[in-house]
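Okay, structure first, notes after.
Just so it is clear, none of the values below were taken in a lab; they were calculated from the coordinates. These numbers were taken from a predicted model, which means no experiment stands behind them. For neighbour counting, all protein chains shown are included, and Cβ atoms are generated from backbone atoms with ideal geometry for every residue, glycine included.
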Amino acid sequence: MTTLGGTRLVNPRLGTYFGIFVSAFASLVILALVAEQLGAPDLVVRWIMLFAPLALYAGIGVASHTNDPADYFAAGRRVPAFFAGLGIAISGVGGVGVVCLTGLFFINGLDAWCIVNGFVAGLVVCAIMVAPYFRKFGAYTVSSYLGRRFDSRIVRIISAAVLVVPLLLVVTAELKVGAAAAAELTGRPVIEMSVVFVIALVAGLAAGGMRSLSWAGAAAGLAAILALAVPAAIVATDATNLPLAQFSHGPVLRAVGRMENVQGLPIPILSPFAFDLAGTELEALTRRMSHPFGSVGPASYILTALTLAAGVAVAPWLLPRVGTAPGVYEARKSLGWAVCVFGVLILTTSAMAVFLRDIVLEQLAGSSATQLPAWFTTFAGSGAAAVDGRLPKLPLSSFSFKRDAALFALPIAAQLPAVIVYLTFAGAIAASFAAAAASTLALGTLIAEDAIYGSRWEILAQGPRLAVTRSAIAMAASLGAAFAALLPADPLKLMLWAIGLTGAAAFPVVVLSIWWKRLSTLGAIAGIISGFVTAVLAILAGEAGWFGVPSTLCGVFAIPVSVATAIIVTGLRPAPARHLLEMVRDMRVPGGEAVYDRELRLARLKRRQASAN
Amino acid sequence: MIERKERKPYWRHTKLQMLASLLPFLMVMIVFPLYAERLNSNKFLGFPLGYFLVGHGLIVIAIFTIASFVNRQDAVDHWHGAHEDT
């Protein structure tokens, strides 16, 4: 058993270990390339590109097994800022960000950036307003934090019941994207690949909880960055002579703009609240790439960014990662690293979208239906793209693509070797593995800690506590896979709903609980419930098309309602108890022991004294 | 460990730092997309300027915001003796 207070021991060989991992991943890809050139069967190479990385992540997870709660729920608070940030970024982007956002960049152009802007702003808000205090408090989940902050089991259970919904949506969305990419890669049915994913998740997570997630997630993050940067760099070198795709695709983007002018793409004038990002169906290429507000109105753009920011800042699948940093200072820094890694990933995928648009404009637009290149006809044959071949000279708008196929279309269209195409799939799978793992662990911990044991304060003996959490993780993963198989929904929409619901239910109360020490227990309960209910109603109204406000903007109504309810209800009640005020004062100061760790230490001391007597 | 009478000034200082870091960033986030169209006629690093600011620009500004916040808030912590003992 390790001690809690003084463990600030960061493993000095972390860099070496992850260097070894990156080399292993790179040599795996090179080996696959060699095998392909030597004439190994295509299917074998595909299976290697699916299974070898997944086995590596799950193996790292198993290798970091632990039975110590402080390790299991907070990685022993030994994850340095960079690795914590890497984990936050990759589980934030996830398969949804890598696959769906690339498609949005490709089809909707600049308007898709509203999601990215919201995400970046969420990380900034988290770093400044939430993360340092959450780390100082030291709770393992958002619900545990709220429950202890208000010293109320009801707050804990209610917030857990509410936060289960967005967490389940995230697990579902990530498994959907990951299993779809794996199915595309191997040619097997999606259901089978969901099972593979669940097995990898449970194997990787159950043994070591947050410790496994921290290291396996960091490995998956590095693999995803590498796997996406390689095809982007190859295509960029081809197009601009510079391998740095993220910063060199500017001239290509302007060339795309000029060709779009020649094609005469319309510049639509939308209502400020329009919100028409591409769904999962085939979508014609009618929007300009660098022209704003072609599919999302200005008001929608800003409001989407702001509501997403609120959700991301307190996302229950990201915030507990902050608790793994060795201290408050490192916790703040980890969010800075998260923005860096997030930026690199998103700029890579957006560059890939620009290159794909360039290739489509050069090779497809203006040709006739009979002389389309071979890659497009095979692509259209699989249903991922289509062409309306009635005109003799096909304009750009006669081509349509599926949003979620755009990422994988680039290496195919650029005629890169098959292994590089599979590498892109491996990148998407790595990103969805990391995000699915983060949300599965958060959901499992939430169910075990706050729902099953939420009604009691005593800290359990570690044996049953970890056994329950492990089975809850398995349950969460299977539940997510079942939902992914049954729900025929768009993963991006599920993700946006999840972030919207989190922002509505948790953001106002979490922020007020830190920055307004008089917020009362009843105010918190009222805030959580009113925010959640309003958001759910707004989603239903948006889907039914009642007020003309899209369902992804549910937070626009719900966040103000939640804030107002929390403040009004607090005003009706007497001031909170003295020991709660004292706890808030303690939480606000970075120095000293984490509030929750001190409780654990005292509980253990008490138990030892009781057994001695 | 922070002294009792330092708590209030420390928290006032922290609140100011929070606003000073957050408000400019949120302003920029709201303003950039609204002017993206007008800025697009200029170019920077080969990019249309509006697109560059909304994409690369905001990410760079976010990194700068967090870096400066970490630095300044750490200074505030040390000034009031609220920092962690390492």
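Using 10 Å bins from zero, what percent of all Cα-Cα pairs in segment A:4-54 falls into each bin?
Reading upward from the zero bin: 22, 35, 20, 13, 8, 2.
Scan segment B:1-79 for GluC sites (Glu not before Pro) in coil per DSSP, keeping those whose Cβ has at most 10 other Cβ atoms within 10 Å, and list them by number.
Here the sparse-neighbourhood loop sites are B:GLU3.
Projecting each Cα onto the charge dipole of the protein assembly as shown (Lys/Arg +1, Asp/Glu -1 at the beta carbon, about the Cα centre), which of A:LEU486, A:THR348, B:PHE32 comes out farthest on the positive side?
Of the options given, the answer is B:PHE32.
If I model a spin label at A:TRP47 and B:VAL31 as a point 7 Å from the Cα along the Cα→Cβ vector, what separation in nanometres do I get?
It is 5.9 nm.
Taking amide H atoms as placed 1.01 Å from N in the peptide plane, list the residues 5 or more away in sequence, or in a different chain, whose amide H sits under 5 Å from that of A:PHE275.
Amide H neighbours of A:PHE275: A:GLY297.
P(r) for segment A:227-267, please, calculated from all Cα pair distances in 5 Å bins and given in %.
In whole percents, the pair-distance histogram is 6, 25, 22, 16, 13, 12, 6, 0.
Helix A:595-612 versus the longest principal axis of chain A: what is the Cα-based angle in degrees, 0 to 90, to the nearest 10?
50
About the Cα centre of segment A:470-613, how large is the charge dipole given +1 on each Lys and Arg Cβ and -1 on each Asp and Glu Cβ? Please answer in debye to the nearest 20.
I would put it at about 820 debye.
Determine ³J(HN,Hα), in whole Hz, for all residues of segment A:363-370 in sequence, where each value follows from phi through the Karplus function 6.51 cos²θ - 1.76 cosθ + 1.60 and θ = phi - 60°; x replaces Gly and Pro.
With coefficients 6.51, -1.76 and 1.60, one gets 8, 9, 5, x, 8, 9, 4, 8 Hz.
Hey, if you drop one equal point scatterer on each alpha-carbon of segment A:491-613 and run the Debye formula without solvent, what base-10 log of I(q)/I(0) do you get at q = 0.12, 0.19, 0.21 Å⁻¹?
Results for segment A:491-613 at q = 0.12, 0.19, 0.21 Å⁻¹ read -0.60, -0.96, -1.05.
On average over all directions, what projected area in square nanometres does segment A:562-610 have, based on the convex hull of its Cα atoms?
Its average projected convex-hull area is 5.4 nm².
Positive end of the dipole of chain A, charges at C-beta (+1 Lys, Arg; -1 Asp, Glu), about the Cα centre: which of A:PRO590, A:ALA309, A:PHE25 has its Cα farthest in that direction?
The residue sitting most towards the positive pole is A:PRO590.
How far, in degrees from 0 to 90, does helix A:578-588 lean away from the longest principal axis of the Cα atoms of chain A, to the nearest 10?
40
Loop-only trypsin sites (Lys or Arg not before Pro) in segment A:261-366, please: DSSP not H, G, I, E or B, and at most 10 other Cβ atoms within 10 Å.
Taking segment A:261-366 and a limit of 10 other Cβ atoms within 10 Å, no loop trypsin sites (Lys or Arg not before Pro) are found.
Tell me, rounded to the nearest percent, the portion of alpha carbon pairs in segment A:133-180 spaced more than 15 Å apart.
Working: 611 of 1128 pairs.
Summing the P(r) of segment A:133-180 above 15 Å gives 54 percent of all pairs.
Step through the residues of segment A:299-313 one at a time and calculate ³J(HN,Hα) from phi using the Karplus curve (6.51 cos²θ - 1.76 cosθ + 1.60, θ = phi - 60°), rounding each to whole Hz and writing x for Gly and Pro.
Karplus values, whole Hz, x for Gly and Pro: 5, 4, 4, 5, 5, 4, 4, 5, 5, 4, 4, 4, x, 5, 4.
Cβ under 15 Å from A:GLU36's Cβ, A:GLU36 left aside: what net charge do those residues give with Lys, Arg +1 and Asp, Glu -1? Let's see the in-between values first.
Values: positive: A:ARG46; negative: A:ASP42.
In short, 0.
Please list the three semi-axes, largest first and in whole Å, of the ellipsoid equivalent to segment A:326-451, using sqrt of 5 times the eigenvalues of its alpha carbon gyration tensor.
40, 17, 13
At 37 °C and a viscosity of 0.692 mPa s, what translational diffusion coefficient does Stokes-Einstein give for segment A:375-508, taking Rh as the Kirkwood radius over Cα pairs? Give it in µm²/s as a whole number.
The estimated diffusion coefficient comes to 174 µm²/s.
Relative to 2.2 N^0.38 Å, what does the C-alpha radius of gyration of chain B come to as a ratio? Two decimals please.
Here the Cα radius of gyration is 1.52 times the empirical estimate.
Averaged over B:65-78, how many beta carbons belonging to a partner chain fall within 10 Å of each residue's beta carbon?
5
Hey, which aspartates and glutamates would be in cross-link range of A:LYS517, C-alpha to C-alpha under 19 Å, not counting anything within fewer than 8 residues on its own chain?
A:ASP151, A:GLU582, A:ASP586, B:GLU6
Treating the angle as unsigned and between 0 and 90°, give the value, to the nearest 10°, between the Cα long axis of helix A:462-486 and the longest Cα principal axis of chain A.
30
Would you mind computing the Rg to Rh ratio of segment A:291-331 from its alpha-carbon coordinates, Kirkwood style for Rh?
Values: Rg = 15.6 Å, Rh = 12.4 Å.
Here Rg/Rh amounts to 1.25.
If you stretched the chain out fully between A:ILE157 and A:ALA35, how much longer would it get, using 0.36 nm times the residue separation minus the C-alpha to C-alpha distance?
Result: 38.5 nm gained on full extension.
Could you give the radius of gyration (one decimal) and Dmax (whole number) of the Cα atoms in segment A:83-139, in Å?
Cα-based Rg and Dmax for segment A:83-139 come out at 13.9, 43 Å.
Work out the charge dipole of segment A:131-188 with +1 on the Cβ of Lys and Arg and -1 on the Cβ of Asp and Glu about the Cα centre, then indicate which of A:ALA183, A:VAL162, A:THR172 is farthest towards its positive end.
Looking along the dipole axis, the top candidate is A:VAL162.
Could you list which residues have their amide H under 5 Å from that of A:ALA365, counting only those 5 or more apart in sequence or on another chain, with H placed in the peptide plane?
Amide H neighbours of A:ALA365: none.
What size of dipole, in debye to the nearest 20, comes out for the protein assembly as shown about its Cα centre when the only charges are +1 on Lys and Arg C-beta atoms and -1 on Asp and Glu C-beta atoms?
Working: 51 positive and 36 negative charges, 457 e Å.
Value, rounded to 20: 2200 debye.
Taking all pairs of different Cα atoms in segment A:224-339, averaging 1/r and flipping that mean, what Kirkwood radius in angstroms comes out? Walk me through the numbers on the way to the answer.
Numbers: mean 1/r = 0.0554 Å⁻¹.
After inverting the pairwise mean of 1/r, the radius is 18.0 Å.
For chain B, what is the charge dipole size about the Cα centre, in debye to the nearest 20, if Lys and Arg each add +1 at the Cβ and Asp and Glu each add -1 at the Cβ?
In total the dipole reaches around 340 debye.
Tell me, what HN-Hα J-couplings in whole Hz come from the Karplus equation 6.51 cos²θ - 1.76 cosθ + 1.60 at θ = phi - 60° for each residue of segment A:498-509, using x for Gly and Pro?
Computed from phi, the couplings for segment A:498-509 are 4, 5, x, 5, 4, x, 6, 7, 9, 4, x, 6 Hz.
Quick one: of A:LYS176/A:LYS333; A:LYS606/B:LYS8; A:LYS393/B:LYS43; A:LYS402/B:LYS43; A:LYS136/A:LYS176; A:LYS402/A:LYS493, which pairs are farther than 26 Å apart, Cα to Cα? Could you put the intermediate results ahead of the total?
On the way: A:LYS176/A:LYS333 32 Å; A:LYS606/B:LYS8 34 Å; A:LYS393/B:LYS43 32 Å; A:LYS402/B:LYS43 31 Å; A:LYS136/A:LYS176 35 Å; A:LYS402/A:LYS493 15 Å.
Over 26 Å apart, Cα to Cα: A:LYS176/A:LYS333; A:LYS606/B:LYS8; A:LYS393/B:LYS43; A:LYS402/B:LYS43; A:LYS136/A:LYS176.
Mind checking the mean number of beta-carbon atoms from other chains within 10 Å of the Cβ atoms in A:121-134?
4
If you take the beta carbon distance between A:ARG390 and A:VAL262 as r and set R0 to 25 Å, what does 1/(1 + (r/R0)^6) give as a FRET efficiency, to the nearest 0.05?
Numbers: r = 20 Å, r/R0 = 0.82.
E between A:ARG390 and A:VAL262, to the nearest 0.05, is 0.75.
From the Cα gyration tensor of segment A:464-512, with a ≥ b ≥ c the square roots of its eigenvalues, which class applies: rounded if a/c is under 1.5, or else prolate if a/b is larger than b/c, or else oblate?
oblate
What average count of beta carbons from other chains do you get within 10 Å of the Cβ of residues in B:26-38?
Mean shielding by partner chains, rounded to a whole number: 5.
Cβ under 10 Å from A:ALA127's Cβ, A:ALA127 left aside: what net charge do those residues give with Lys, Arg +1 and Asp, Glu -1?
Charge balance near A:ALA127 sits at +2.
Based on the alpha-carbon gyration tensor of segment A:15-85, what equivalent-ellipsoid semi-axes (square roots of 5 times the eigenvalues) come out, in whole Å, largest first?
For segment A:15-85, the semi-axes come out at 33, 14, 8 Å.
If the chain between B:ARG38 and B:ASP85 were fully stretched, how many nm would it gain, using 0.36 nm times the residue separation less the Cα-Cα distance? If you can, show how the numbers build up before the last one.
Numbers: separation 47, 0.36 × 47 = 16.92 nm, distance 5.07 nm.
Contour length minus Cα-Cα distance gives 11.9 nm.
How much net charge surrounds B:SER21 when only other residues with a Cβ under 15 Å from its Cβ are counted (Lys, Arg +1; Asp, Glu -1)?
+2
What is the projected area of the convex hull of the Cα atoms of segment A:251-308, averaged over all directions, in nm²?
4.9
For the protein assembly as shown, restrict the atom set to alpha-carbon positions and state the Rg and Dmax in Å.
When restricted to the Cα atoms of the protein assembly as shown, Rg and Dmax are 24.8, 93 Å.
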